[in-house]
Amino acid sequence: MDLLSPQIIILTLFMGAFAGFLAGLLGIGGGVILVPLFLWLFPLAGFSSDLVVHTAFGTSLAIILPTAIGSTLAHRKNGNVDWHMVAFLALGGALGSILGSSAAAVIPGGMLKLFFGLMQIFVSLKLLLYKTHVLIESQNQVQNKSLALVGFIGGFFSAFFGIGGGVIAVPLMLVFLRLPIHKAVANSSALIVVSSFAAVICYIWYGLNVPGGMPYSLGYVNLLVALLVAPLAIIFARIGVKLASRTSQEKLVKIFAVLLMFVGLKILFKF
């Protein structure tokens, strides 16, 4: 099979819609679904394993960018985006994503997959072990340097794993900044816009001169897959945002944690 076969196109569209829905619901950018999908899909389409991981990360980020824009606009309409916080989150996120993509470009794909699975499980356990009262909103003003640091960490791992950054930034905002879940999700979506844009540019740049690149690709970004998935992801991201505003904090945290644990275990056991 190849990327233009009906089976792969249908599967890609379905998973893209699901990833977009999760992006809006949880503020995670959808990468926790897209990356595992591409790690399975690209070899199925006959592509070299040497290119699969980096192209999965780069393509995921290219889809996450417009999805995050759609999610951010929807969260803005609901009044959940704190633009002062976002400014400092984005400042750190831009720098972190450049460094993260640069690091990923020189690390073998197999090692990146291992790191990806371990990261998912670690974050999941962090959220599952924290009690609900720990996540109560802080009454103190969040310091700008703390916001920039959270943005930097989220941006770095966003680019390093091709996941959008929400899987790191949302837990940090919940646990260390003590933001309510809905504000954390909204701010994370805005952060993802900046960090994923910077990371996509880097993944394109680092993959331009790599021999044996995939067809329909620009650097480490597969344009065909990105164009197929992005429109559906944007539409379903808005649906996810609407549901998020009607869902309790505890339910969102639990959904987020269980999802990360599932994906992490699947990656480690060769999803």
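The values are calculated or read from the model by the stated rules, or taken from the named source; none is laboratory data. All of these numbers come straight from a predicted model, not from anything done at the bench. Don't worry about glycine lacking a Cβ; one is built from the backbone with ideal geometry, like all the others, and counts go over all protein chains shown.
To keep it simple, each residue is scored yes or no on (1) over 26 Å from V253 (Cβ atoms); (2) small (G, A, S); (3) in contact with a Cys (Cβ under 7 Å, 6 or more places away or on another chain).
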position	(1), (2), (3)
G155	no, yes, no
P171	no, no, no
L179	no, no, no
I192	no, no, no
S195	no, yes, no
I201	yes, no, no
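Can you find a residue that is of a type outside the set (S, T, N, Q), more than 22 Å from L259 (Cβ to Cβ) and either more than 18 Å from the chain's Cα centre (by Cα) or not in a helix (DSSP H, G or I) (or both) anywhere in region 13-27? No - not one qualifying residue is present in region 13-27. If you go through region 29-82 and keep only what is crowded, with 22+ Cβ neighbours inside 10 Å, out of contact with any strand residue (DSSP E or B) (no Cβ under 6 Å at 6 or more places or on another chain), in a helix (DSSP H, G or I) and small (G, A, S), you end up with G31, A56, S60, A68, G70, S71, A74. Note on region 150-187: residues that are farther than 11 Å from A94 by Cα, in contact (Cβ under 8 Å) with a residue 40 or more places away in the chain and assigned to a helix (DSSP H, G or I) total 19.
With G46, G58, G70, G30 as the choices, which residue is touching an Asp or Glu at 6+ places or on another chain (Cβ under 9 Å) and under 22 Å from M15 (Cβ atoms)? Spell out how you get there, then give the answer.
Numbers: G58 fails: touching an Asp or Glu at 6+ places or on another chain (Cβ under 9 Å); G70 fails: touching an Asp or Glu at 6+ places or on another chain (Cβ under 9 Å); G30 fails: touching an Asp or Glu at 6+ places or on another chain (Cβ under 9 Å).
When all the criteria are applied, what remains is G46.
Taking the conditions (1) in contact (Cβ under 8 Å) with a residue 24 or more places away in the chain; (2) more than 15 Å from F156 (Cα to Cα) in turn, A90 satisfies each one other than (2).
Consider K183 carefully, then state whether it is in contact with an Asp or Glu (Cβ under 7 Å, 6 or more places away or on another chain) and more than 23 Å from S101 (Cβ to Cβ). It would help to see each step written out before you state the result.
On the way: in contact with an Asp or Glu (Cβ under 7 Å, 6 or more places away or on another chain): yes; more than 23 Å from S101 (Cβ to Cβ): yes.
The answer is yes for K183.
In region 129-147, of all residues being modelled with pLDDT of 80 or more and within 17 Å of I168 (Cβ to Cβ), the one that is surrounded by the fewest Cβ atoms within 10 Å (Cβ to Cβ) corresponds to S146.
Checked against the criterion of being in contact with a helix residue (DSSP H, G or I) (Cβ under 7 Å, 6 or more places away or on another chain), in a helix (DSSP H, G or I) and buried (at least 18 other Cβ atoms within 10 Å of the Cβ), region 211-224 contains not a single residue that satisfies it. Annotation for region 107-115: at least one member residue is touching a residue at least 60 places away in the same chain (Cβ under 8 Å) and of a type in the set (K, R). Remark: pairs (first residue in region 250-267, of a type outside the set (K, R) and surrounded by fewer than 14 Cβ atoms within 10 Å (Cβ to Cβ); second residue at pLDDT below 75 and in a helix (DSSP H, G or I); Cβ separation under 9 Å; 6+ apart in sequence or on different chains) = E250/T132; E250/L135.
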